[in-house]
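Engineer: Take a look at this one; I'll ask things after.
None of the figures in this text is laboratory data; all of them are computed from the coordinates on show. Everything quoted here is computed from the prediction, not taken from an experiment. All Cβ positions, glycine included, derive from the backbone under ideal geometry; neighbour counts span all protein chains shown.
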Amino acid sequence: MSKKPIIVFEGIEGSGKSSHLASVARYLKQKKISFIKIREPGGSHNSEKIRKLMLNNKSNFNKNTDLLLFLSSRSENISLIKKNYNKKVILIDRFTDSTIAYQHYGMGVNLKLINLLNKYLLKNIKINFTFLNIVNNKNLFLRLKKRKSLNRYDKFNSAFYSKVQKGFVKLANSKKNSYMIIDSNLEIEKNKKSILDKIKKLI
């Protein structure tokens, strides 16, 4: 495995993925290990513009437009990823499997289309490892209530989030060697330790 891997943090809203990514970033900084971090949608300058548009509560895109906006954001990030590929550790808050979980399992967009477009954008870029953070409905909505503001993707119903999370778990089970499932209903410090122990092995 590359010592400068691409490491992705996946999960539905309120699952703790962003907090764990931040924890890993702090660890890498402390150890003086070079890295970049990207979020999707968002990341590069142009991707952040797309993020503001698609997550705006006044936006009301259909499922195909949502897919193409996510992929447009990813397209803008590819040059940034290529520039740092195998040179720095790359931490990504949501990536290709999020598109499959949300747009296919959640919204019913054709899976072959999503895979085709992802393959076209990524070409030879390979994800080395993924942490999937899962959360139950009770904790999901408790955590969302604590947020100062909610975006468009924070406002789906529990049935939608359940479909998306089941999709994530299905993806994780199909890639067991490169996935770790983190139960974010458990003590956060315990999960941080599990993640950092794995990170140490990956880098």
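Engineer: For Ile90, Ile114, which order do you get if you count the other beta carbons within 10 Å of each Cβ and list the fewest first?
Structural biologist: Fewest-to-most Cβ neighbours within 10 Å comes out as Ile114, Ile90.
Engineer: Specify which residue in the list Leu21, Asn133, Leu171 is farthest towards the positive end of the charge dipole of the stretch 6-202, using unit charges on the beta carbon of Lys, Arg (+1) and Asp, Glu (-1), about the Cα centre.
Structural biologist: My answer, from the dipole projection, is Leu21.
Engineer: Which pairs, out of Lys123/Lys148; Lys58/Lys112; Lys52/Lys201, put more than 32 Å between their alpha-carbon atoms?
Structural biologist: Flagged as over cut-off: Lys123/Lys148; Lys52/Lys201.
Engineer: Dipole of the chain, Cα-centred, from +1 at each Lys and Arg C-beta and -1 at each Asp and Glu C-beta, to the nearest 20 debye?
Structural biologist: That gives the chain a dipole magnitude of about 600 debye.
Engineer: Of Lys37/Lys119; Lys63/Lys193; Lys82/Lys146; Lys31/Lys190, which pairs sit farther than 32 Å apart, going by alpha carbon to alpha carbon?
Structural biologist: Long pairs (Cα-Cα over 32 Å): Lys63/Lys193; Lys82/Lys146.
Engineer: Further question: Fewest Cβ neighbours within 10 Å first, please rank Val109, Val164 accordingly.
Structural biologist: Result, fewest neighbours first: Val109, Val164.
Engineer: Let me ask something additional. Can you list the residues of the stretch 181-202 with backbone N under 19 Å from a point 7 Å past the Cα of Lys145, pointing along Cα to Cβ?
Structural biologist: Residues 185-186 fall inside that zone.
Engineer: Here is a further query. Mind checking which of Ala159, Ala172, Ala25 has the largest fluctuation in a GNM of the chain, springs on alpha carbons under 10 Å?
Structural biologist: Of Ala159, Ala172, Ala25, the Gaussian network model singles out Ala159 as fluctuating most.
Engineer: Taking the Cβ of each residue in Tyr179, Tyr153 as the centre, tally the other Cβ atoms inside 10 Å and list the residues starting with the fewest.
Structural biologist: Neighbour counts put them in this order, fewest first: Tyr153, Tyr179.
Engineer: Hey, what did the stretch 6-113 get for relative contact order, percent, Cα under 8 Å, at least 6 apart?
Structural biologist: Dividing the mean separation by the residue count of the stretch 6-113 yields 40 percent.
Engineer: Can you work out the FRET efficiency for the pair Ser59 and Asn157, with r the C-beta to C-beta distance and R0 = 25 Å, to the nearest 0.05?
Structural biologist: The computed FRET efficiency comes out at 0.85.
Engineer: Just list whichever of Lys87/Lys192; Lys87/Lys176; Lys4/Lys29 have alpha carbons separated by over 23 Å in the model shown.
Structural biologist: Over 23 Å apart, Cα to Cα: Lys87/Lys192; Lys87/Lys176.
Engineer: Moving on to the next point. Points 7 angstrom from Cα along the Cβ direction at Tyr120 and Lys49: gap in nanometres?
Structural biologist: A separation of 2.1 nm, rounded to one decimal place.
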